[in-house]
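Since the structure comes first, as structure tokens, the remarks are kept for the end.
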Amino acid sequence: MALPVMAVPTFKTKIPSTGKQIEFRPFLVKEEKILLMAMEGGDSAEMSSAMTRILQECILTKIDIDSLATFDVEYLFLQLRGKSVGEVIEITVGHTGETECHHRTPIKINIDDIKVDGIRKDKNIKITNEIGVKVRYPSMQDALSLSTEEEDAPMRLIASCIEVVYDQENVYDDFTVEEMVDWLGTLNKKQFDAIVEFFNGIPKLTHKVEWVCPECKQKDSFVLEGMADFFILH
């Protein structure tokens, strides 16, 4: 006799970079095992892989997880965590600077308060009066390429995120990463810096936590930022 099928609720949220609405379900015990194993390993590549696998299983809308920006993945994972475990996260923190007070304070963080700010809608960058490029935000897979020991990894990351080059007459979109790396090498510093500025301003999932120590009455704060910090909030 077949065992009863457990009903699983579904929820909706939006992808920060595109505004597209998606439907998802909470992660189950089988997905939580993937998460716990990645947390035990503590490796960024393992964490990234775990987040991607869990999102692939739990997002019911058809989307390409691998193409999502890094902050999209982090935000969606946090939303998933909220509906799976709870929207309010309780952690215990100590002072961040030098102090004689060693009291640890319990604080609560509401996942709904954590947002992604500074998303740029127009991704066209003019590098001369006639020539421009259209870029995209790096995906999680792109970001992992920076963990390699190759000296040109940052340049290859930028090259892989340039979708088209255009001038007043043509649009160029048929090129390899290697060809784009070579082309970037022909730019002067001012032209290249215009492109680098976009990548330096990539939005991050951040949240400032502030509290007053009940023992010494001192105000303190710290900032949660990026995958590794939000992973510990499980």
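Just so it is clear, none of the values below were taken in a lab; they were calculated from the coordinates. Computed from a predicted model, the values in this text were never measured in an experiment. Note: ideal-geometry Cβ built from the backbone for every residue, glycine included; neighbour counts use all protein chains shown.
Quick rundown of the values:
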quantity	calculated
Straight-distance crosslink candidates among aspartates and glutamates, where the alpha carbon sits under 18 Å from K217 and sequence neighbours closer than 8 are dropped	E98, E100
Residues with amide H under 5 Å from that of Q218, placed H, sequence gap 5 or more	C213
Solvent-free Debye scattering, log10 I(q)/I(0), computed from the Cα coordinates of the stretch 69-114 at q = 0.30, 0.33 Å⁻¹	-1.02, -1.12
Stretch gain in nm, segment E197-R136, where the contour uses 0.36 nm per residue and the Cα spacing is subtracted	20.7 nm
Over the chain: helical MRE at 222 nm, DSSP H runs n ≥ 4 each giving -39500 (n - 2.57), nearest 500	-10500 deg cm²/dmol
Isotropic mean projected area of the C-alpha convex hull, the chain (nm²)	18.2
Count, lysine Cα pairs under 14 Å in the stretch 16-153, 8 or more residues apart or across chains	5
Cα gyration tensor, the stretch 1-94 - rounded (a/c under 1.5), prolate or oblate	rounded
Relative compactness, the stretch 124-200, computed as alpha-carbon Rg over 2.2 N^0.38 Å	1.07
For the chain, size of Cβ-based charge dipole, Lys and Arg +1, Asp and Glu -1, in debye	1140
Neighbourhood charge, 11 Å Cβ-Cβ cut-off, centred on E215 and excluding it, Lys, Arg +1 and Asp, Glu -1	+1
Longest site-free stretch - the chain; sites: GluC sites (Glu not before Pro), DSSP loop, at most 15 other Cβ within 10 Å	1-86
Estimated dipole of the stretch 1-105 in Debye, rounded to 20 [Cβ of Lys and Arg +1, of Asp and Glu -1, Cα centre]	580
Label-point separation in nm, H103 to E151, each point 7 Å along Cα→Cβ	5.4
Between the stretch 173-222 and the stretch 30-107, the alpha-carbon center distance in angstrom	20
Mean separation of Cα contacts under 8 Å, 6 or more apart, over the residue count of the chain: relative contact order %	19
Point-charge dipole on Cβ atoms (K/R +1, D/E -1) for the stretch 124-200, about Cα centre, debye to 20	380
Residue-count net charge about E163 - beta-carbon cut-off 10 Å; Lys, Arg +1, Asp, Glu -1	+2
